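Okay, so here's the structure we're looking at.
The values are calculated or read from the model by the stated rules, or taken from the named source; none is laboratory data. Keep in mind that this is a model prediction, so the values were computed, not measured. Virtual Cβ from ideal backbone geometry, glycine too; neighbours counted across all protein chains shown. Ligands, DNA and RNA are stripped out before the accessible areas are found, and what is left, the full protein with its side chains, is counted by its heavy atoms. Shrake-Rupley method; radii C 1.70, N 1.55, O 1.52, S 1.80 Å.
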Amino acid sequence: MSRILIIEDNYSSSLEFGTNIAQILDMEGFKIALISNIAVGLNLAVNLEFDLIIFELNFYSLITEDILKRIKSSLKNLQVSSLLITANYEFEAISLIKELGISDYLIAPFTKRDLLAVVTNCFLEHQIV
C-alpha cells in the first residue's frame, strides 16, 4: 500500500480541499497523512517514509524563501516523488515547480480522473505502482 503525505500551505482557511483529495486517494487504497503546515509536513516527511508528497500551495507568494529552500532541500534529500497542486497557472507558478524539483503538477480545478492520472504518473516515474 503506497503512502501519500499531503501538505497544505499554512494560509488555507480550511482543510476542505486537502480533505477532499485525501478522501479520493483513500478510497483508491492509498494510506494518507494530511498536514496543514508546511514546516511540520516537511519534518514528518523526513522522519517517516512516504512514496509521494503532494503539496497544495495556492498562496505560494506568501510562502517565505526559507520554506521554499526547505521544500527543495527535503525533496532532494528524500528522493521521493512529489506533486504540486495549485489554482495558480501563471508562469511564476510553473517556474516555481521546476525550481523546487517537483515531479509533476496539477492545476485546480480538476477531476478525480485527472488527480488519479497524475498520481499514477508520479508513481510510475519512481516505479512504485
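Summary table below
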item: Any hit, the stretch 43-50, residues being under 15 Å from I7 (Cβ atoms), modelled with pLDDT of 80 or more, open to solvent by 40 Å² or more (accessible area, probe 1.4 Å) and not in a helix (DSSP H, G or I); result: yes
item: Counted residues, the stretch 98-120 - those being within 30 Å of M1 (Cβ to Cβ), part of a helix (DSSP H, G or I) and open to solvent by 10 Å² or more (accessible area, probe 1.4 Å); result: 7
item: Meets criteria (among the acidic types (D, E) and modelled with pLDDT under 85) for E28; result: no
item: Residue check, I67 surrounded by 13 or more Cβ atoms within 10 Å (Cβ to Cβ) and modelled with pLDDT under 80; result: yes
item: Residue within the stretch 72-84 that is touching a Phe, Trp or Tyr at 6+ places or on another chain (Cβ under 8 Å), surrounded by 14 or more Cβ atoms within 10 Å (Cβ to Cβ), assigned to a loop (DSSP other than H, G, I, E, B) and modelled with pLDDT of 80 or more present; result: yes
